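One structure is given here, and the rest of the page talks about it.
The values are calculated or read from the model by the stated rules, or taken from the named source; none is laboratory data. None of these values were measured; they are calculated from a predicted model. Please note: Cβ atoms are built from the backbone with ideal geometry, for glycine as well, and neighbour counts cover all protein chains shown.
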Amino acid sequence: MKGFGLFLLSFRPLMLVFFILLFGVRCYEVTQFDFQLIAISPISTLLIGVFQDAWFTLLLWLILSLLSFPVQKRYPQLANRFFFVSLVTIVLFQIGFSYYFLLMNQPVDESLFFFSFQELSLIIGLTNRINMPIILLFIVLFYAFIGGVRFLRKKLPYIPTNTGLISYVASFVLAFVFSPNLNYKDENDKTAEALVSNKVAYFVAHSITYFLSDDFKQSSVKTADFEELSPAFYGKRSVCDDQYPLMRPMPKTSQLAPFFKRTSTNKQPDVVFVIVESLSTELVGKYAEKTGHLMPFLDSLSKQALYFPNALSTAQRTHNVLPAMLASVPNVIDGAVFQQIDYPDHFSLFNLLRSSYHTRFYCGVLLEYINMRGFMNYHQVAQLSDKWHPSIKAHSDLVDSPWGIPDNDLFRQAAMDFRTSNYASKSRFDVFLTISTHDPYIYPNKGYYTEKAVQKINHIAHPELRAKLLSKAADLGSFSYTDDALKAFFEREKKSTNYKNTIYVITGDHGSELCTIDPVSNYKVPLLIISPLLKSPKTSLNIVSHLDIPPTILSFLKQEYNLSVPSDVPFIGKELDVRSGFHQQRSFVFTTSQLKTTDLYENGTFFVGNNCYQIDKLLKPTRFYSNKLKRHFKKQLAYYQRFSRYTINQNKIIPPFNFNRYSDQKIWKSYVAKAQTITNEKPAKKMVLFSQIPLAELKENELKIEVKSAVFLQKAADLDDFSDVVIAHQQTTWPKKAAVLYKALRPVLVRKFKPNALNEVVFTVQFDPRLIEKLNNKKYLFFYLHRSKARKKLFSHVETIISINKK
């Protein structure tokens with residue numbers, strides 16, 4: 001062992017220079033990091049970090065010596081070169097990993113193994129960062145390393161003194177005895193934990209865990225797992241094996257541009273989206289003969305618009321329209337709702353346009369519904385429909401719709417807010433989501449509009465269809481009401497100073513069950529683009545979807561008005577197809593009303609309800625039979641679910657570098673964590689309180705709330721039998737509107753479903769208490785499990801975690 005000891009000590013100069021370089025990198029980290037994001041101080045970070053680097057240096061010294069020693073007798077030069085090259089390589093990795101951490105506030109971990117070099121360069125923006133000063137810096141460091149080693153070899157004796165030998169031995173012994181205490185852990189602040197860690201050691205430790213963990217291998221999805229998914233489902237022409245398959249360059253030209261004049265101000269136009277609840281294709285324009293032309297104003301607009309009667313919604317519920325129409329993201333699977341999950345990094349029109357546009361979102365429903373508020377806060381929407389004029393609130397109370405503010409009042413409130421605000425420095429981007437045409441169809445002047453609907457329906461030639469719709473006249477009258485509300489809205493808009501420079505986009509969130517003419521009706525919606533800037537109207541019969549709106553709008557504004565937007569985007573949709581003729585070569589997956597991804601459209605064929613339908617240019621479906629095609633569609637749906645899990649659950653929509661350039665990254669720090677075991681409650685008890693958390697210290701921060709549990713499930717659908725989570729701002733025995741902040745939150749699986757096993761689930765919501773007026777004087781948040789007839793089972797153990805955004 002004497003020979004090994006001398007061999008190990010012969011590398012003292014190398015290891016001392018190595019440690020000095022690590023110390024330099026550590027000092028750079030401490031001076032460059034924003035310590036407002038974490039609780040630990042710079043001094044503590046430096047001290048703990050230096051100890052971690054020293055421990056790593058000693059461990060590496062021992063490992064490299066053990067690897068080199070067997071060959072040093074026959075090939076001494078090879079052993080020395082191996083030692084030297086290994087240290088230089090590790091120094092380079094340490095510098096690179098530290099730089100990445102300072103850039104992203106995230107350490108490099110096991111996910112590195114999923115990346116090719118090209119993908120890594122995309123993620124960290126390598127081509128933007130390798131320049132001559134960086135190259136010169138590495139050259140200087142390399143020669144400094146060599147020079148330092150040569151200098152120390154001259155100064156240090158080959159064989160250390162007895163005192164020196166004892167100190168080296170003691171260092172190794174102490175390092176390994178106290179190594180468990182040097183491993184800094186902070187479950188409440190993972191950013192601080194990563195900061196003080198040696199970055200290479202952190203990467204190696206997580207890599208070992210990854211390779212030894214069967215659970216990770218079961219739960220993770222790789223691009224190879226969905227390589228047989230048709231690339232048309234994610235907007236590409238050929239199979240993409242990139243780490244971020246949705247990323248693509250922005251087009252060089254805009255499909256919309258030839259149809260529009262320049263604004264009179266040469267400034268980007270105002271943009272207004274109106275999403276009409278349950279607006280079916282059969283209610284507007286050329287297809288409205290089937291329903292009696294209940295919406296004559298929209299009929300007239302369709303003749304003045306860039307009109308797409310064959311547009312498709314990608315879901316049967318309102319849940320998906322905002323993520324699809326604003327962010328063009330894939331559909332979520334496993335019964336989850338995009339707005340209620342822990343968001344993956346993604347772009348939307350709101351966050352990409354906010355530097356040039358004043359952004360507003362108006363909806364008559366409480367914004368806590370399906371976490372619309374959290375979604376809008378995530379995208380930093382400047383103004384939300386929070387406050388209502390007393391006259392509008394009084395009228396809403398009189399109408400007493402369970403959904404909230406009637407459509408005409410919604411538009412009136414937006415007009416009032418606009419008149420009292422100054423948007424001179426920015427253009428306007430408004431999004432309206434109406435609700436009056438939603439079941440149970442409670443709307444103003446119902447008797448008047450019912451009679452109006454009866455008169456319209458009586459003109460339908462087909463007797464059976466006429467009779468069917470007459471039986472629903474009171475409900476269908478809601479569309480006549482909303483049509484008048486839209487007419488009044490446009491009359492007000494025409495009086496505004498910038499009407500002539502405004503582009504309006506009108507569509508439905510999904511089809512109406514009142515107009516279920518055929519098996520695919522729930523997915524068919526009209527899409528109208530209306531503007532005084534439009535050169536001439538055009539009807540396009542091509543198949544398009546909500547997913548195509550973000551890339552279309554963004555491309556138009558970038559190409560025509562030189563807006564500063566990304567050169568690469570992760571949208572699943574493509575630009576709207578405005579070509580003449582009937583082009584049906586598109587592919588979409590749909591989410592059903594049961595929140596299942598079991599329907600799709602591919603190149604002229606719908607697969608809905610396990611049946612195949614061929615369509616014509618009027619989107620009329622004709623059923624046909626093909627077991628071969630059914631098998632193909634089912635395989636595509638299975639691959640799409642893997643694709644969705646990969647892009648959304650594993651945060652692979654957009655590389656961090658691209659995302660951070662255009663979005664403010666959130667850094668979550670766990671602030672409160674409470675666990676609770678649920679005892680056997682009486683069956684009659686509907687609301688089970690499991691946590692009560694003080695608000696005082698949380699009110700000044702954006703919050704992310706997670707409620708975690710684990711349940712035994714035989715099949716994934718069994719999760720539907722378990723109770724909802726309700727978050728209230730006062731104690732209550734029922735989820736009444738006056739007490740509830742979030743109603744009916746649903747759990748999602750944390751990992752891939754395991755049949756006949758315990759599965760981890762989580763409920764997630766994000767919001768900013770400062771933007772919620774009803775929380776102003778509240779002292780606590782109350783967390784309940786809510787049992788209903790369909791969902792009677794309770795979770796036996798729950799953990800409530802509240803994190804605050806530290807950035």
Count, please, the residues in segment 605-637 that happen to be without any contact (Cβ under 8 Å) to a residue 60 or more places away in the chain, within 21 Å of LEU229 (Cα to Cα) and not in a strand (DSSP E or B).
11
Only one of (1) closer than 19 Å to TYR362 by Cα; (2) in contact (Cβ under 8 Å) with a residue 60 or more places away in the chain does not apply to ASP409, and that is (2)
Can you tell me which residues in segment 642-666 are part of a loop (DSSP other than H, G, I, E, B) and buried (at least 18 other Cβ atoms within 10 Å of the Cβ)?
LYS652, ILE653, ILE654, PRO655, SER663
Considering residues that are outside any loop (DSSP other than H, G, I, E, B), surrounded by fewer than 21 Cβ atoms within 10 Å (Cβ to Cβ) and either touching a residue at least 60 places away in the same chain (Cβ under 8 Å) or out of contact with any Asp or Glu (no Cβ under 8 Å at 6 or more places or on another chain) (or both), the number found within segment 378-398 is 7
Give LEU256, LEU294, LEU322 a once-over and let me know the one that is of a type outside the set (Asp, Glu), out of contact with any Gly (no Cβ under 7 Å at 6 or more places or on another chain) and within 15 Å of ASP548 (Cβ to Cβ).
LEU256
Do the conditions hold for GLN676, that is, is it free of Cβ contacts under 8 Å to residues at least 60 places away in the same chain and in a strand (DSSP E or B)?
no
Residues of segment 478-505 being β-branched (Val, Ile, Thr) and touching a helix residue (DSSP H, G or I) at 6+ places or on another chain (Cβ under 6 Å), which ones?
THR482
Which condition does PRO694 not pass, out of (1) at pLDDT below 85; (2) surrounded by fewer than 16 Cβ atoms within 10 Å (Cβ to Cβ), if it passes all the others?
(1)
Please name all residue pairs, on different chains or six or more residues apart, with Cβ atoms under 8 Å, provided the first residue is in segment 285-314 and is on the phi > 0 side of the Ramachandran plot and the second residue is buried (at least 21 other Cβ atoms within 10 Å of the Cβ) and part of a helix (DSSP H, G or I).
GLY285/LEU298; GLY285/SER302; GLY292/ALA453; GLY292/LYS456; GLY292/ILE457; GLY292/LEU469; HIS293/LYS456
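For every residue, the table says whether it meets (1) among the hydrophobic types (A, V, I, L, M, F, W, C); (2) out of contact with any Ser or Thr (no Cβ under 7 Å at 6 or more places or on another chain); (3) at pLDDT below 95; (4) under 22 Å from LEU349 (Cα atoms).
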| position | (1), (2), (3), (4) |
| --- | --- |
| ASN501 | no, no, no, yes |
| ASP509 | no, no, no, yes |
| CYS515 | yes, no, yes, no |
| SER587 | no, no, no, no |
| THR598 | no, no, yes, no |
Selection over segment 456-475 where residues are assigned to a helix (DSSP H, G or I) and under 20 Å from LEU279 (Cα atoms) yields a count of 10
Tell me yes or no: at least one residue of segment 478-488 is at pLDDT 95 or above, assigned to a loop (DSSP other than H, G, I, E, B), assigned by TED's automatic domain parsing to the domain that holds GLY292 and of a type in the set (S, T, N, Q).
no
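Mind listing whichever residues of segment 764-782 are touching a helix residue (DSSP H, G or I) at 6+ places or on another chain (Cβ under 8 Å) and closer than 16 Å to ILE801 by Cβ? Walk me through it before giving the result.
Pass one, segment 764-782, residues touching a helix residue (DSSP H, G or I) at 6+ places or on another chain (Cβ under 8 Å): 764-769, 771-772, 775.
Result: THR764, VAL765, GLN766, PHE767.
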What tally of residues in segment 543-569 results from selecting those that are modelled with pLDDT of 95 or more and within 17 Å of HIS346 (Cβ to Cβ)?
8
Kindly establish whether GLU464 is in the same structural domain as MET295 (by TED's automatic domain parsing) and at pLDDT 95 or above.
no
Within segment 605-663, can you find the residues that are at pLDDT below 90 and at positive phi?
GLY609, ASN610
Looking at segment 697-800, what strands (runs of 3 or more DSSP E) fall wholly within it and have at least 1 residues that are surrounded by 13 or more Cβ atoms within 10 Å (Cβ to Cβ) and among the aromatic types (Phe, Trp, Tyr)?
740-745, 757-767, 780-786
Within segment 350-359, is there a residue that is within 24 Å of PRO406 (Cβ to Cβ), aromatic (Phe, Trp, Tyr) and assigned by TED's automatic domain parsing to the domain that holds ALA327?
no
